[in-house]
Amino acid sequence: MPKKRQNRGRHKGAKGRVGVVQCDNCGRIVPRDKAICIKTYYSPVDPQLARELEKKGAIIMKYPVEKCYCISCAVHYGLVRPRPREARKPRPQVQI
């Protein structure tokens, strides 16, 4: 059976079995190396209040939050894009 992608759609390489994560949007179980993980920072303080406190010299912590998405949700949210038709792997023509 021919392979569609050289890396089989994953970043695994020759690591063997990798763990799984759950998509934060739809709940699908995805291999950790296939999931699209985005690290964002969360501040528990209101942004307007944070600006006023920082002017006075206060230090406000921001906490990192890592969210993992399956491929379908990552495409839906615009985190990754499908390759254009010209850049995709050419398919062999079927002779009829």
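Summary table
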{"item": "Yes/no for Pro92 being within 20 Å of Arg5 (Cα to Cα), part of a loop (DSSP other than H, G, I, E, B) and at pLDDT below 95", "result": "yes"}
{"item": "Scan of segment 39-57 for residues that are of a type outside the set (A, V, I, L, M, F, W, C) and either loosely packed, with under 10 Cβ neighbours inside 10 Å or under 29 Å from the mean Cα position of the chain (by Cα) (or both), ordered by number", "result": "Lys39, Thr40, Tyr41, Tyr42, Ser43, Pro44, Asp46, Pro47, Gln48, Lys55, Lys56, Gly57"}
{"item": "Single condition Lys12 does not satisfy, out of (1) surrounded by 13 or more Cβ atoms within 10 Å (Cβ to Cβ); (2) farther than 19 Å from Leu79 by Cα; (3) touching a helix residue (DSSP H, G or I) at 6+ places or on another chain (Cβ under 9 Å); (4) of a type outside the set (Val, Ile, Thr)", "result": "(3)"}
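Matching residues to (1) touching a helix residue (DSSP H, G or I) at 6+ places or on another chain (Cβ under 8 Å); (2) exposed (fewer than 10 other Cβ atoms within 10 Å of the Cβ); (3) not aromatic (Phe, Trp, Tyr):
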{"position": "Pro2", "(1), (2), (3)": "no, yes, yes"}
{"position": "Arg17", "(1), (2), (3)": "no, yes, yes"}
{"position": "Asn25", "(1), (2), (3)": "yes, no, yes"}
{"position": "Arg28", "(1), (2), (3)": "yes, no, yes"}
{"position": "Cys37", "(1), (2), (3)": "no, no, yes"}
{"position": "Pro64", "(1), (2), (3)": "no, yes, yes"}
{"position": "Tyr69", "(1), (2), (3)": "yes, no, no"}
{"position": "Val80", "(1), (2), (3)": "yes, no, yes"}
{"position": "Val94", "(1), (2), (3)": "no, yes, yes"}
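The values are calculated or read from the model by the stated rules, or taken from the named source; none is laboratory data. Because the structure is a prediction, the values reported are computed rather than measured. Glycine gets a Cβ as well: all are built from the backbone with ideal geometry, and neighbour counts include every protein chain shown.
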